[in-house]
Structures are given as structure tokens and as C-alpha cells.
Amino acid sequence: MTSRFLPLLPVLIVLALLATRVQSTDECTSYSTINDPTRSVSNEKNSEFALCDKGILTSESWVRFTGSGGTVIPNNPPQAHHCGTKSSGWIRGAHPAVAEGVVQRELCYRYNENECGFDSYEISIRNCGSFFVYKPPDLTECYLRLCTEILDECFFEPVGVSSPFVIPDNQMTASSYRENGKYSAKYGRLFNVSGNGWFPKNRNKTDWLQVDLGKEFQVCAVATQGGNYGKKHKEWTTAFKLLYSSDDKNRQTYQDGNGVDVEFYRVGKNHEVDRHKLSRPVVARYIRFYPTKIREWDSLRVEFSSATIISNFKSASIPAECSPSQYQELNEADRYWNASVKSYLACDKNFSTHGAWYRFAGAAGSMMAPYCIPKQSCITHGAGWINGSHPSEAYQLVSTNACFHWGSNCCVKSSPVQIRNCSGYYVYKLQKPETCYYRYCGVNGLYVYV
């Protein structure tokens, strides 16, 4: 970066802040509704008529799908020539938990036997609690069209096993795993592509994969995939049982209403997602998968859905800073930790108020990072992160410090911070840096307990 850009910094930041205030909207309230039965994954295209989203859905607005045609974009590839089009659109990746904010996922379009043709597109998704909203890309060709399907309301709140920021690696354990590759428990996350998924060391049907959810949840469903392999590999779990507990000791096998152990059967292979709704939700913190039937070898990637998080919190008055009128929203895309490098540096010295409350939202992420992020993150020299713990209980307040990573020093400078858990998101009382270039950076991460 050359110094000729630096004199423009104050002007650029002011313009960016003004633009943010004008464009700031809550995508969970500002969206277009689409009720279109022809988008259903079960709707086979008429051979003489194909529909296309080019020019109809654009990156300028958020959309919500409703009605009998479906409420979500599927995570499994639809059949060819369905959803009223030639190339049926689906999402390769997990739908987010509420506190993950806006996430980007790969958008695939099936073309004949190619399940992910035209795979250069991405789509933004936000979980609004009881529904999802999507920001589709601008299409450059036809005939590509998004499909929809009906999803049981239980699946609208994933716990977040798919993200290591929500369920850390040390909360994923297993009886054994293959040692000559990426097969350990931490790779057993739904849609994980950094490894091969969880594979036990042997095929003796006594192995297990366990997830520690961190707190007790009322779990109402599980979702599973096989290993992250291509079509030539035919190794996956075809059936399993569940064991659950609250203390990692007194485990119970999940049973039906007649006291019979339930065996869950998978029809998917490696990449297809099987969803299993529990007829009786269970309250648990630790859940184990015991494979009972396999295709050549056990392999699993998993996720849970929860109707409720069990908490000691019963009732409390809502703190003033949790009201939208009391905090300012930080939603600039270049505030996200891995934002693309710009031709200028950003700095929070230009905060309008010293010691005000702020909420991270939208493209900036959903929270500040609770770990040292890389230097020069969020287009600044001193990248700000939280050197401490976020509050885990609803409406809990903690006092800690923010550190700024500059050069080789993860905490070259620190600043006091207060963090309030607002039962669904965090707000931060941040101090205005005295000099440049220091900036508070955002990430998408930990689940906010309610």
C-alpha cells in the first residue's frame, strides 16, 4: 500500500459510514416473499416449457420462500429437469444457526447427471429463527432456477455442529479413527470438506462418534451424511443408534414409545443429507452415534436440531442496551476479518461516540472473535479481538478486554470492553481508539445461548 491513499482515509470512512446508515436494513424484516408451487423439488418440468431466474431474482434484495411449494432451498441435489426448469438449483452447505448471522454458501445447479454444474455462484443466507432468507446471485444465463422444499420447523434451528466456532474440535470425540488421513472426530461435521469425515479404525461395530453440545439442548432431530469422498468411494454408514446423556456417564439409548431401541436408517450415500426427526425430543448435552450397518466402512458427518436450549435463566428484565434504539449496528463488509484488501486502511478512531454500545451484524459478522485473528484483518493494521470469554447466559454482562494484533504481537494494545448477551446476539461497549490504525473486527461464530 502506498502513502498516497492515506490522506483520503477520513473522507472514505465518513462516506462508508454514511452509506452504511442509509443502506442498513434488517434482512429478517426487509425481504420479498415468493410463493411459487412450481419451484417444488417434486415438480417435473414440462418438456416444452422451462422457467429461469435470470433477471427475476437479483443480488439487490433478500427473498423468503413460503407456501406449498417449499420454504427452503434444498441441501440435496434435486432430480434433473425438476422445479419447472432445466437446471435445478440447490445449496451445497449447511443452513446457518441464528447467531451465525449472514453466511455464504456454494450454489449448485443440476444439469442432467452433473449434480453441480454452473458452480461459480454463491448465495447469502440468514436464519431468522422461524424461517430463512436468501440473497441470490445475479445469473448470467438460463435456464437456471432455485428449487424449494418443505422443511419441518424443527430443522430451522441447527445447533451448529457444522461450525468449529460453535462446537470446538475438542467437543468432537470418538472411540477410534483412521490414522493415515483426515478421519478424526473433528471432521465428522455435516458438510465438512476440510477432511474425509469420521472413519473409525476398524469395522467391529463397537465404535462411536460423540458430540458435546456444551449445554443441555432439547434435541428434536439429527441430520447425517457419509464421508467426504467422490463417487468412486463407496464407504458410508447405512444405519445407527443414538445414546444420550447430560453428564457423559449415565447414557440412555434412544427408544420409541414402546421402550424399543430405535435404529435410524440412512438412504443417502456420501454427500446426500438424511434428516431424522425424533418422535420424542430428548434433553441432552452429550450424544453418541453408534453405527450398526455399513457400506464397506463406517463414515459419518452429523448435525443436530433443537427446539429449545435448556437454561437456568427463568425471567429477567431486558437490559436497555439490548434495544435497537440503544446500540449502533456495525455491518460493513470490510469489517469482516477476512475482507478483501482495499486501497485504503480503516480505523475506528472515527467512532462518533466514546464508550457506546455496538452490535455486529450482516456482512460484518455476528460477533467479535474470541481468539487472536490474523494481522491486517478487516483492512487495518491493528485487528481487534476479544481476549476473554463471551457471556453464556441470557442477558449476562461480562467485562473483559479487546486486544489488537499488530505485526507479530497478538496484543500490542488493549482496551476495556463490556459484552452483553442479548438472548440471540451480543452487544459490545467499545472504546474509541486514540490513534489509527486500530479496528474491531467481526466473525461468524459462537452460538448465543438464550
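Some notes on this structure:
- Output for the range 241-291, where each listed residue is out of contact with any Lys or Arg (no Cβ under 8 Å at 6 or more places or on another chain) and of a type in the set (Gly, Ala, Ser): GLY259, GLY268, SER279, ALA284
- Of the residues contained in the range 313-330, none is found to be part of a loop (DSSP other than H, G, I, E, B), under 25 Å from GLY388 (Cβ atoms), among the acidic types (Asp, Glu) and not assigned by the TED database to the domain that holds THR237.
- Of everything listed in (1) modelled with pLDDT under 90; (2) part of a loop (DSSP other than H, G, I, E, B), the single unmet condition for LYS215 is (2).
- Sole residue being modelled with pLDDT of 85 or more and surrounded by 14 or more Cβ atoms within 10 Å (Cβ to Cβ), chosen from LYS54, LYS45: LYS54
- SER366 meets the conditions (1) closer than 20 Å to VAL102 by Cα; (2) out of contact with any Gly (no Cβ under 8 Å at 6 or more places or on another chain) in every case but one. The failed one is (2).
- Exclusive hit being part of a loop (DSSP other than H, G, I, E, B) and assigned by the TED database to the domain that holds LEU430, set CYS411, CYS372, CYS378: CYS372
- THR253 being among the polar types (S, T, N, Q) and either in contact (Cβ under 8 Å) with a residue 24 or more places away in the chain or touching a Cys at 6+ places or on another chain (Cβ under 9 Å) (or both): no
- Evaluation of ALA383 against (1) without any contact (Cβ under 8 Å) to a residue 40 or more places away in the chain; (2) under 13 Å from TYR336 (Cβ atoms); (3) in a strand (DSSP E or B) (one fails), failing number: (1)
- Just one of the listed residues (TRP357, TRP385) is in contact with a helix residue (DSSP H, G or I) (Cβ under 8 Å, 6 or more places away or on another chain), of a type in the set (Phe, Trp, Tyr) and assigned by the TED database to the domain that holds SER340, namely TRP357.
- Those residues of the range 281-305 which are among the hydroxyl-bearing types (Ser, Thr, Tyr) and outside any strand (DSSP E or B), in sequence order: SER299
- Residue in the range 367-381 that is among the small types (Gly, Ala, Ser) and over 17 Å from TYR327 (Cβ atoms) present: yes
- Scanning the range 35-87 for residues that are part of a strand (DSSP E or B) and within 23 Å of the chain's Cα centre (by Cα) returns VAL63, ARG64, PHE65, THR66, VAL72.
- Considering the conditions (1) under 23 Å from the mean Cα position of the chain (by Cα); (2) of a type in the set (Val, Ile, Thr); (3) under 25 Å from PHE199 (Cα atoms), VAL267 is excluded by exactly one of them, (1).
- Flag for THR85 being modelled with pLDDT of 90 or more, among the hydroxyl-bearing types (Ser, Thr, Tyr) and within 17 Å of PHE132 (Cα to Cα): no
- Residue that is farthest from the chain's Cα centre (by Cα) [pool: residues in the range 416-447 that are surrounded by fewer than 18 Cβ atoms within 10 Å (Cβ to Cβ) and part of a strand (DSSP E or B)]: PRO416
- Within the range 369-386, being at pLDDT 90 or above and either of a type in the set (A, V, I, L, M, F, W, C) or in contact with a Ser or Thr (Cβ under 7 Å, 6 or more places away or on another chain) (or both) holds for CYS372, ILE373, CYS378, ILE379, ALA383, TRP385, ILE386.
- Residue ranges of strands (runs of 3 or more DSSP E) in the range 100-177 with at least 2 members within 22 Å of ASP274 (Cα to Cα), of a type outside the set (D, E, K, R) and modelled with pLDDT of 90 or more: 103-111, 172-174
- Leading residue by the ranking (surrounded by the most Cβ atoms within 10 Å (Cβ to Cβ)) among those in the range 226-280 that are in a loop (DSSP other than H, G, I, E, B), out of contact with any strand residue (DSSP E or B) (no Cβ under 8 Å at 6 or more places or on another chain) and polar (S, T, N, Q): ASN250
The values are calculated or read from the model by the stated rules, or taken from the named source; none is laboratory data. A quick note: this is a predicted structure, and the numbers were derived from the prediction, not measured. With ideal geometry, Cβ positions are generated from the backbone for all residues, glycine too; neighbour counts draw on all protein chains shown.
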